[in-house]
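Trainee: Here it is: the structure, laid out below.
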Amino acid sequence: MKVLSVTSEIYPLVKTGGLADVAGALPVALAGQGVEVTSFVPGYPAVTQALTKAKTVRQGPDWRILSGRADGLDLMVFDAPDLFDRDGGPYGKDGADWPDNARRFARFARAAAEVARDGFDLLHAHDWQAALAPVHLALDGGPPSLLTIHNIAFQGRYGRDVLDELALPEGAFSVEGVEYWGDVGFLKGGLSLASAITTVSPTYAKEIRTPEFGMGMEGIINARAHVLHGIVNGIDTEAWNPADDPALVKGFSPRTLARRRANREALDDRFGLQPGGPLFCVISRLTSQKGLDLLAQNVDHLVGLGGRLAVLGSGEPGLEQAFAHAADRHPGRVAIHVGYDEPLSHLMQGGADAILIPSRFEPCGLTQLYGLRYGCVPIVARTGGLADTVVHANDAALRAGVATGIVHAPGDGFALGAAIAEACRLYGTLDWTAMQRAGMRSEVGWEASAAQYAALYRSLV
Ligand code: ADP
């Protein structure tokens, strides 16, 4: 089976979030399932420069499609310099979106649909940037299509005035197509017309059917619920392997958990923390989505229980300040490192005792999966992929030896405080090490999910 995966980001070439990780890892995992995936990506400078063995397979007046390889990935690149050969990010520069994003991604999706008609069995579109490709295939003919939602907060909605630039098929601007409250909705059009829809966890698939999480799309999602599936993301278990991770001071396995101590000492040093008591960590964008304002309210409580806190992240200035003030109040017990630091994030997962993820919503989430793999017990809100991947330490789960973390009600500072207290109570007991070991043994790689994608692809083709 030949699948064209249409994505505006792909790890390691272009990344702003989890979409890139999935788009980069899934083709590799699907190869093991007998599915041949080619990724269709925009010709950003980082992509065209990395491409080797490039061949032009199609051409227009101001664009061409190149086929080649980069970083082990089979790529088709939409090389349209007017649209994509720019300094800056994939969607904008200095915090402002590119003013022609509607045109950029409409042209990209249209080209993807044309390529898919030429020898592909299925088109798999990711997020709003690719969502018009299923619209073209549904209205002008072509293979079946699948649309994956990585975060329904991002919808690609534009005023009707852009319509003429989009070269949409006849009839696309209708209630059954891209029309959305008089505007043009890229994601809305794809959700309406793709053969099937997935999102990145079973719980998020249920949540987006409600007004609380659907962000205005719940009506269309409900209308198409019969073709909606939730498939949880995996992680790269080679890049994230506690037995053999160059960012750790000492590698460890479920049998050698005591070796984590050296990593915790290194972490204490990096953050200027005094030893003693459970070490909680946060590795996150600092935004209200992540519920970290609720954690900021709980810092004194956490320290009062004998805990310590190390925060790595950047984002909303108010949140950065809240944690900086907490660090001032509790020197040696609380510290924040503002910034993005991939190796430090590995050391934190390998050295801290628990990772806090109190998100208000979380389509899938990756840091809880890294935590499981590294024996860093996840303490998470019961939402989206967090609810699907962490087994709460209630008495029955502890007795059965299947608990892997602590799960609390989302959006509730008191519930988070109780979860922190529960962690402090369990810390240092045999139950705690059993949770660490059960987490380290959970399946967090891509195998199971790749098999689900492959089965879904087959059912559509
Ligand atoms: P989201 O995509 O909503 O930001 P995810 O949990 O799905 O959340 O993915 C976040 C990814 O970014 C994880 O790989 C996490 O380790 C990483 N990350 C987030 N903040 C930082 C940081 N400050 N330094 C290093 N890695 C970070």
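Trainee: Taking the condition of being part of a helix (DSSP H, G or I) and open to solvent by less than 40 Å² (accessible area, probe 1.4 Å), how many residues in the stretch 401-432 meet it?
Mentor: 11
Trainee: So if I check each of ALA396, ALA387, which one is among the small types (Gly, Ala, Ser), in contact (Cβ under 8 Å) with a residue 60 or more places away in the chain and open to solvent by 10 Å² or more (accessible area, probe 1.4 Å)?
Mentor: ALA387
Trainee: Follow-up. Could you check PRO61 against (1) open to solvent by 10 Å² or more (accessible area, probe 1.4 Å); (2) under 18 Å from THR7 (Cβ atoms) and say which number it fails?
Mentor: (2)
Trainee: Now for a separate question. Quick check: anything in the stretch 332-345 away from the ligand (no atom under 13 Å from the Cβ), modelled with pLDDT of 95 or more and assigned to a helix (DSSP H, G or I)?
Mentor: There is no residue in the stretch 332-345 that is away from the ligand (no atom under 13 Å from the Cβ), modelled with pLDDT of 95 or more and assigned to a helix (DSSP H, G or I).
Trainee: I need every pair where a residue in the stretch 287-299 that is under 16 Å from CYS364 (Cα atoms) has its Cβ under 6 Å from the Cβ of a residue that is of a type in the set (Lys, Arg) and open to solvent by 20 Å² or more (accessible area, probe 1.4 Å), sequence separation at least 6 or different chains.
Mentor: Filtered contacts from the stretch 287-299: GLN289/ARG360; GLY291/ARG360.
Trainee: Let me ask something else. With the condition being open to solvent by 30 Å² or more (accessible area, probe 1.4 Å) and more than 16 Å from the ligand (Cβ to nearest atom), I'd like the strands (runs of 3 or more DSSP E) fully within the stretch 219-324 carrying at least 1 qualifying residues.
Mentor: Per the criteria, 228-230.
Trainee: Which pairs turn up if I take residues in the stretch 50-62 that are on the phi > 0 side of the Ramachandran plot and look for partners that are open to solvent by less than 70 Å² (accessible area, probe 1.4 Å) and not aromatic (Phe, Trp, Tyr) with beta carbon separation below 8 Å, at least 6 apart in sequence or on another chain?
Mentor: LYS53/GLY68
Trainee: Would you please name the residue that is nearest to the ligand (Cβ to nearest atom), looking only at residues in the stretch 138-153 that are open to solvent by less than 10 Å² (accessible area, probe 1.4 Å) and either among the hydroxyl-bearing types (Ser, Thr, Tyr) or free of Cβ contacts under 8 Å to residues at least 60 places away in the same chain (or both)?
Mentor: The extreme case among them is THR148.
Trainee: Look at the stretch 90-105 and say how many of its residues are within 22 Å of the chain's Cα centre (by Cα) and charged (D, E, K, R).
Mentor: Final tally of qualifying residues: 2.
Trainee: Okay, next question. Looking at the structure I just gave you, is ALA130 open to solvent by less than 40 Å² (accessible area, probe 1.4 Å), within 23 Å of LEU26 (Cα to Cα), modelled with pLDDT of 95 or more and touching a His at 6+ places or on another chain (Cβ under 9 Å)?
Mentor: Numbers: open to solvent by less than 40 Å² (accessible area, probe 1.4 Å): yes; within 23 Å of LEU26 (Cα to Cα): yes; modelled with pLDDT of 95 or more: yes; touching a His at 6+ places or on another chain (Cβ under 9 Å): yes.
Yes; evaluated as a whole, the condition is true for this residue.
Trainee: Of the conditions (1) within 24 Å of the chain's Cα centre (by Cα); (2) assigned by TED's automatic domain parsing to the domain that holds TYR453, ALA223 fails just one. Which one is it?
Mentor: (1)
Trainee: Report, by residue number, each residue of the stretch 357-400 that is in a helix (DSSP H, G or I) and away from the ligand (no atom under 16 Å from the Cβ).
Mentor: ASP395, ALA396, ALA397, LEU398, ARG399, ALA400
The values are calculated or read from the model by the stated rules, or taken from the named source; none is laboratory data. Just so it is clear, the structure is predicted and the values come from calculations on it, not from any experiment. Reconstructed Cβ throughout: ideal geometry from the backbone, glycine too, with neighbour counts over all protein chains shown. Ligands, DNA and RNA are excluded from the accessible area calculation, which covers all protein heavy atoms including side chains. Shrake-Rupley method; radii C 1.70, N 1.55, O 1.52, S 1.80 Å.
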